[in-house]
Amino acid sequence: MKHAAIIGVGSYLPNRRLTNEDLEGMVETSDEWITTRTGISERRLAEKDQATSDLATHAARNAMRDAGITPADIDLLVVGTSSPDMIFPSTACITQANLGLTCPAYDVMAACTSFIFALQNATAAIESGRARTVLVIGADALTRHVDFSDRGTCILFGDGAGAFVLQAADEPGVLGIDLGADGTGGDMLKIPAGGSAMPTTVETIEAGLHFVQMVGNDVFKFAVRVIPKTTETALAASGLSVDDVTWLVPHQANQRILDTVADRLGLPHERVVSNIALTGNTSAASIPLAVDELYTSGNLRPGDILALVGFGAGLTWGAAIVRWTKEV
Ligand code: ACO
């Protein structure tokens, strides 16, 4: 059996910055409240003419350049997103056209865990021999679905994209993956309107049902419970333990979640990658964005063990253990 290894990484953040000071002028909040409760100082917003596929396309080009491959090399494109350009065609198909690819392309939706689910698809395609080179992207423009008069949610989210190029290799890169879902917790985090259950009407818009709704406290408790568990399960499936982890790269939702998870896993905080201060919660993009930042900072070494771990609406969660094999 072939293994899947990461041969390229790339990311993209839009230029438009929204700082905590900007938010102070929009809702009843303060830089001090946002920084202490979340660790976020600023986030990026997609330009008006940028859709999720545009963010995905930029990140993919950077990852392809890093991998040194051409569009013809790619056998499969998987995009993890919960803020697609439109209901259909898929964001993956739009991105495929932007990139000039001819391979199959599809979306995977598991909210903020979408990238880990997409990575599982990419890895399985390589391990089964159905694909040799797979482009996997996490991209979201969730600020398009946030009510900028709701201080409980509008301070959290930012837009962006990150991408990996995976290729078949003799030595394992992706060592083990654990995925989970609990649909009974769906009401904790949702966008109620705009789908088949509640098509968009004047009434749904007037009631704000097309915006993100979240029970923040419950999501927080869910996150700090599930992240250590899924990380340990994926490590066990890889024949490793927490002591082997060089870098924990969690979904960037709240700095207090990252700190609590580090303590529960017994990991020093400096081994937990955090870029939330400048990105906010970029949903499916946050994990590959953080990996790209770690990579470009020169702190990743061949042989390092990465634990990539996500959680999000659904409810969904998942962890992927990766041995870094790429030279920096
Ligand atoms: N500025 C000032 N005050 C605020 C703000 C704000 N932006 N937001 C809420 N408050 C107030 C509340 O109204 C409340 O006031 P009250 O005590 O008078 O009622 C008080 O602050 C405390 O509110 P809490 O909601 O209890 O604050 P908490 O400490 O839980 O922080 C937060 C809220 C930041 C949302 C936190 O619960 C959190 O990060 N939860 C996890 C969210 C998350 O991870 N979401 C993404 C999931 S991934 C996906 O799939 C999309």
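The values are calculated or read from the model by the stated rules, or taken from the named source; none is laboratory data. Just so you know, these numbers come straight off a predicted model, no measurement behind them. Cβ placement follows ideal geometry from the backbone for every residue including glycine, while neighbour counts extend to all protein chains displayed.
Couple of notes before you dig in:
- Residue count for the stretch 36-53 satisfying the condition of being in contact with a strand residue (DSSP E or B) (Cβ under 7 Å, 6 or more places away or on another chain) and either farther than 20 Å from I257 by Cβ or surrounded by 20 or more Cβ atoms within 10 Å (Cβ to Cβ) (or both): 5.
- From the list T184, T231, T204, the one residue that fits, being loosely packed, with under 13 Cβ neighbours inside 10 Å and closer than 24 Å to L156 by Cβ, is T184.
- With respect to the conditions (1) in contact (Cβ under 8 Å) with a residue 40 or more places away in the chain; (2) within 12 Å of the ligand (Cβ to nearest atom); (3) assigned to a loop (DSSP other than H, G, I, E, B), Q252 falls short on a single one, namely (1).
- Check on S30, under 25 Å from L189 (Cβ atoms) and more than 16 Å from the ligand (Cβ to nearest atom): no
- Taking the criterion of being in a loop (DSSP other than H, G, I, E, B) and within 16 Å of the ligand (Cβ to nearest atom), the residues of the stretch 271-306 that qualify are S274, N275, G280, T282.
- Restricting A193, A197 to residues that are in contact (Cβ under 8 Å) with a residue 12 or more places away in the chain, more than 22 Å from A290 (Cα to Cα), away from the ligand (no atom under 16 Å from the Cβ) and not in a helix (DSSP H, G or I) narrows the list to A193.
- Here the condition is being within 16 Å of the ligand (Cβ to nearest atom) and either assigned to a strand (DSSP E or B) or surrounded by 19 or more Cβ atoms within 10 Å (Cβ to Cβ) (or both); of A168, A161, it holds for A161 alone.
- Restricting attention to the stretch 82-119, the residues that are of a type outside the set (S, T, N, Q) and touching a strand residue (DSSP E or B) at 6+ places or on another chain (Cβ under 7 Å) total 18.
- A single member of D244, D263, D259 is within 16 Å of the ligand (Cβ to nearest atom) and surrounded by fewer than 18 Cβ atoms within 10 Å (Cβ to Cβ), and it is D259.
- Residue in the stretch 1-20 that is more than 16 Å from the ligand (Cβ to nearest atom) and at pLDDT below 95 present: yes
- Condition met for L13 (surrounded by 20 or more Cβ atoms within 10 Å (Cβ to Cβ), of a type in the set (A, V, I, L, M) and within 16 Å of the chain's Cα centre (by Cα)): yes
- Only one entry of L23, L55, L45 meets the criterion of being in contact (Cβ under 8 Å) with a residue 60 or more places away in the chain, assigned by TED's automatic domain parsing to the domain that holds D75 and more than 20 Å from the chain's Cα centre (by Cα), and that entry is L23.
- Beta carbons closer than 9 Å, at least 6 apart along the sequence or on distinct chains, never pair a first residue in the stretch 314-325 that is free of Cβ contacts under 8 Å to residues at least 24 places away in the same chain with a second that is within 12 Å of the ligand (Cβ to nearest atom).
- Unmet criterion (only one of (1) out of contact with any helix residue (DSSP H, G or I) (no Cβ under 9 Å at 6 or more places or on another chain); (2) closer than 28 Å to R144 by Cβ; (3) in a helix (DSSP H, G or I)) for G208: (3)
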